[in-house]
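Since the structure comes first, as structure tokens, the remarks are kept for the end.
The values are calculated or read from the model by the stated rules, or taken from the named source; none is laboratory data. All figures in this text were calculated on a predicted structure; none of them were measured in a lab. Backbone-built Cβ (ideal geometry, glycine too); neighbour counts: all protein chains shown. Accessible surface areas use protein heavy atoms only, side chains included; no ligands, DNA or RNA. Shrake-Rupley method; radii C 1.70, N 1.55, O 1.52, S 1.80 Å.
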Amino acid sequence: MARREISLRWQGISCAACVAKIERALRRLKGVEEASVNLAGGTVRVVYDDGKVDLNTIVTTVRDLGYEPVTEEALFTVTGMTCAACVRKVERAVSRIPGVLEANVNLAASSLRVVYLSGAVERGQIKRAVRELDYGVEDRLEGQAALEREKELREEEIRKQKRRLLLTWPIAVLVMAGMLRHYWILEDIVPAFLANKYVQWALTTPVVIFAGGQFFVNSWRGLKKGITDMNLLYATGIGAAYLIAVINTLWPDAGFGGEKATFYESAAFLTAFIVLGRYLEAVTRGRTSEALRRLMSLQPPTARIIRDGEEVEIPADEVVKGDIIVVRPGEAIPVDGQVVEGFSTVDESMLTGESLPVEKKPGDQVIGGTINRTGTFKFTATRVGRETMLSQIVKMVEDAQGSKPPLQKIADVVAGHFILAVHVLSLLVFLFWFFYGFDRFEPYIRSAFSTMALGDIRAFGFSLLMSITVLVISCPCAVGLATPSAIMAGTGKGAENGILFKTAEAIEKINKVRAVVFDKTGTLTRGEPVVTDVVPLAGNNGERVLLLAAAADKNSEHPLAQAVVRAAREKGLAVAEPSAFTALPGRGVEAMVAGKTVYAGNRTLMGEKGISWEEGREAAEKLEEEGKTVIFVAEAGKLVGLVAVADTLKEEAALAVKLLKEKGLKVIMLTGDNRRTAQAIARQAGVDEVRAEVLPWEKAEKVKELQAEGYTVAMVGDGINDAPALAQADVGIAIGTGTDVAKETGDVILIRGELLDVVAAVEIGRATINKVKQNLFWAFIYNSLGIPLAAGLFIPVNHFIVTPELAALLMALSSFSVTMNTLLLKRFVPSFRRGTRAPVRG
């Protein structure tokens, strides 16, 4: 045991009393020799004997005093992983490093995310632990560099497996041809020397060493650390087949099946099919992350900026805030910014999913990665580097793909413990056939890849064949790929549609949602008042009533007054400047317009001024029943009309609510408004249940009430004043409010802020989890049927055995089928964009 020294940073150490408390608690631990606290730096230095006390005990002791350790997060790219057992192997090795709190591997993304105590772990330690398992590892890059490196590593893996493929298959075919030479017309075609056992030995050896050697090396390195993975399955299967073949070639009377039991073709074809599976995985696995790669490739490599009055082209990552950038038609916008000169239309579809180009004029925001379509314009850079919306989206998608939903965690644990169980089962299968089963069945059963009869290879040879087959067919590759590949495809599809899932768990949870709660203001409604109705009275027309109201309200700062002025200007009306203006708080305004006194306000104001409003009573009450605010407009002591103002429903709100209800979801609206206004909006939106007059801090309680009733709840809000409710909900869905999406509250972010995207998010979640379930079903069905078939359970019925090479083919096809099934998600289109409202089943 060693004497160790460690310095950890902690949060909350604020005074001398804290220092004394921590030092006293640590010194009481058996094995701690020194403990000192640096108050200024917030660090705790401990010297301890790791044979008497471990780091976890030290951390727990300080935590129990009410302090939290400062943690860091590191991302790595890991190459060479192929199945769930590899995932478990890497996670266990890294988790054993003292100071590592969390280690998560994403197989489909070839990524490793590590959370560790600041000061306790070096990145080099993590890399060393991974390399000792014979996997490649390097720091994960960002942006364009990450895209290029990921592509480079993927192509390198494909080339490596392709070389092995080109080595193994021609030789395996020659070995099989030699074994089959004495059958049918092959004797006239296949040269006699290929049937020679020594020639087959010479041909098979390079296949086992150069193509199969990776399995022996990797399994040995894992075993040294007490970790098993599928490499051990392959190494045991290939090694046993090859070793017995060599023994029976050199010493046929040694008692291992005799000269007929030379399984060179099994060793060669087993290696060939495993390498084929690796090659297919390398080719197809990259396709599940295509959406992310497309996002990362959106940023152009260069930007054209104005320096000293001239245009200069520089790398996009060298743009700084305040630079003036020129963008011409057809070019990609390099960073986020604000237009200062020129007009154009911009295609934002790749980021927001919005199909129509968006018009841009001075003062408008532009987003890096979008495409300028028509005009040339200049803009000022406001967000660069990691701050751009594109960088934030890519980071969120990567984080989501790097996280694990509960389904995957269960699958990884099962796969991680599966290897040892399979070896035990393989031994039992051998013992059964050797001591009991071989003599009880027809000795002339034949297999698909071998012409020999069972009697030719005797009990040992046959039992070994069955045992190897069980090892090979049991590989949990498909189980390991089932969830991460679907999550990658689902999060990528979400990003394509302007929907960001912050974690993989959010996708799984949104699939279980049974109630959707909408905030009213700014979510179901536009969030700003607009003029909805103008009712002329006393022989006036609507245009004159609106003009009078706008002139009276022109100098008012009240939101309702501004809405009236804005409506008049949008109609092209010339709003007169009042010669006098007085704001009447709580009632309205008084103004002098064209020499006449004009009042615009509520009925209280009309009563105060002695103006009769009976003529407009019926119309006013009807408008108020619809949830609208009525402004009474009077000129020269007489009521001339009414102007109704309301926060109107978003155009797509009613359709979104209808689609959610069609999917069997309960839809509820929460609002702080009075019940009458809330009911009016709810009727227009088609919402059946309304909870009105709810204060912002009470919204979370209303969500709790729904959860207590047994509902899994999604809360849809603007991510600001709805933050407590979004956090309380099982799934918080934040309506995007700007380009700084990283600061949005919620598990799911709708970049465009459209309510139909709530429907799309639910559909993508359901489609993704359905795909996960399909993949896991087929993966487990494959093992559930494959293992009994390989063990010979069906021999009494079908007189057929599965050889190791056929098992390897089935194993490769299972992984390939899972990946191809996942790729079907690429065809997903939200139902409302397909012109149908049928539920998406994935």
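Brief remarks follow.
- The condition (being in contact with a Leu (Cβ under 9 Å, 6 or more places away or on another chain), under 24 Å from MET488 (Cα atoms), modelled with pLDDT of 85 or more and not in a helix (DSSP H, G or I)) is satisfied by just one residue among ILE668, ILE733: ILE733.
- Hits in the range 557-567 - residues which are within 17 Å of TYR599 (Cβ to Cβ) and open to solvent by less than 70 Å² (accessible area, probe 1.4 Å): LEU560, ALA561, VAL564, VAL565
- Odd one out for GLU122, checked against (1) open to solvent by less than 20 Å² (accessible area, probe 1.4 Å); (2) modelled with pLDDT of 85 or more: (1)
Yes or no, residue by residue, for (1) in a helix (DSSP H, G or I); (2) modelled with pLDDT of 75 or more; (3) surrounded by fewer than 16 Cβ atoms within 10 Å (Cβ to Cβ):
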site	(1), (2), (3)
GLU150	yes, no, no
GLU156	yes, yes, yes
GLN161	yes, yes, no
VAL173	yes, yes, yes
ALA177	yes, yes, no
TYR183	no, no, yes
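- Condition met for GLY595 (modelled with pLDDT of 85 or more and touching a Gly at 6+ places or on another chain (Cβ under 6 Å)): no
Residues are listed down the side, and each one gets a yes or a no for (1) in a helix (DSSP H, G or I); (2) within 30 Å of GLY369 (Cα to Cα); (3) aliphatic (A, V, I, L, M):
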{"position": "GLY490", "(1), (2), (3)": "yes, yes, no"}
{"position": "LYS493", "(1), (2), (3)": "yes, yes, no"}
{"position": "LEU500", "(1), (2), (3)": "no, yes, yes"}
{"position": "ILE507", "(1), (2), (3)": "yes, yes, yes"}
{"position": "VAL517", "(1), (2), (3)": "no, no, yes"}
{"position": "ARG544", "(1), (2), (3)": "yes, no, no"}
{"position": "LEU548", "(1), (2), (3)": "yes, no, yes"}
{"position": "VAL575", "(1), (2), (3)": "no, no, yes"}
{"position": "PHE581", "(1), (2), (3)": "no, no, no"}
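- Filtering the range 202-227 to residues that are among the hydrophobic types (A, V, I, L, M, F, W, C) and either surrounded by 15 or more Cβ atoms within 10 Å (Cβ to Cβ) or under 14 Å from VAL275 (Cβ atoms) (or both) leaves LEU203, VAL207, VAL208, ILE209, PHE210, ALA211, PHE215, PHE216, ILE227.
- Residue pairs meeting the criteria (Cβ under 9 Å; at least 6 apart or on separate chains; first surrounded by fewer than 24 Cβ atoms within 10 Å (Cβ to Cβ), in the range 452-478; second modelled with pLDDT of 75 or more and not in a helix (DSSP H, G or I)): LEU454/ILE801
- Scanning the range 110-119 for residues that are more than 30 Å from LEU280 (Cα to Cα) and among the aliphatic types (A, V, I, L, M), we see that the one that is most open to solvent (accessible area, probe 1.4 Å) is VAL115.
- Criterion: open to solvent by 40 Å² or more (accessible area, probe 1.4 Å) and either within 26 Å of SER556 (Cβ to Cβ) or small (Gly, Ala, Ser) (or both) - qualifying residue of GLY627, GLY610, GLY641, GLY616: GLY610
- Residues of the range 1-21 satisfying the condition of being in contact with a Ser or Thr (Cβ under 8 Å, 6 or more places away or on another chain) and open to solvent by 50 Å² or more (accessible area, probe 1.4 Å): SER7, ARG9
- Positions within the range 785-809 being modelled with pLDDT of 80 or more, outside any loop (DSSP other than H, G, I, E, B) and over 21 Å from ILE274 (Cβ atoms), in sequence order: PRO788
- Of everything in the range 69-109 that is of a type in the set (Ser, Thr, Tyr) and either modelled with pLDDT of 80 or more or over 24 Å from VAL479 (Cα atoms) (or both), the residue that is least open to solvent (accessible area, probe 1.4 Å) is THR77.
- Out of LYS520, LYS571, LYS554, sole residue that is in contact (Cβ under 8 Å) with a residue 12 or more places away in the chain, among the basic types (Lys, Arg) and surrounded by fewer than 18 Cβ atoms within 10 Å (Cβ to Cβ): LYS571
- A single entry from VAL593, VAL589 fulfils the requirement of being among the hydrophobic types (A, V, I, L, M, F, W, C), under 14 Å from VAL545 (Cβ atoms) and open to solvent by less than 20 Å² (accessible area, probe 1.4 Å): VAL593.
- Which numbered condition CYS475 fails, given (1) at pLDDT 80 or above; (2) of a type in the set (A, V, I, L, M, F, W, C); (3) more than 30 Å from LEU390 (Cβ to Cβ): (1)
- Subset of the range 33-60 (residues that are closer than 16 Å to ALA120 by Cα, open to solvent by 10 Å² or more (accessible area, probe 1.4 Å) and in contact with a helix residue (DSSP H, G or I) (Cβ under 6 Å, 6 or more places away or on another chain)): VAL37
- If you go through the range 768-791 and keep only what is open to solvent by less than 70 Å² (accessible area, probe 1.4 Å) and over 21 Å from ILE419 (Cβ atoms), you end up with THR768, ILE769, ASN770, LYS771, VAL772, GLN774.
- Among the residues of the range 524-546, none qualifies, meaning not one is touching a Gly at 6+ places or on another chain (Cβ under 8 Å), open to solvent by less than 10 Å² (accessible area, probe 1.4 Å) and modelled with pLDDT under 85.
- When the range 585-633 is filtered for residues that are more than 59 Å from the chain's Cα centre (by Cα), touching a residue at least 12 places away in the same chain (Cβ under 8 Å) and assigned to a helix (DSSP H, G or I), the ones remaining, listed by number, are GLU608, GLU615.
- For the range 35-57, residues that are closer than 21 Å to GLY12 by Cα and part of a strand (DSSP E or B) total 8.
- When residues of the range 329-344 are limited to those that are part of a loop (DSSP other than H, G, I, E, B) and within 34 Å of the chain's Cα centre (by Cα), the one farthest from ILE306 (Cα to Cα): GLY330
- Among (1) within 30 Å of GLN299 (Cα to Cα); (2) modelled with pLDDT of 80 or more; (3) out of contact with any Phe, Trp or Tyr (no Cβ under 6 Å at 6 or more places or on another chain) - the single one VAL137 does not satisfy: (3)
- GLU528 vs. criteria within 45 Å of the chain's Cα centre (by Cα) and of a type in the set (D, E, K, R): yes
- Options ALA742, ALA727: the member that is surrounded by fewer than 19 Cβ atoms within 10 Å (Cβ to Cβ), at pLDDT below 80, of a type in the set (A, V, I, L, M) and under 25 Å from GLU348 (Cα atoms): ALA742
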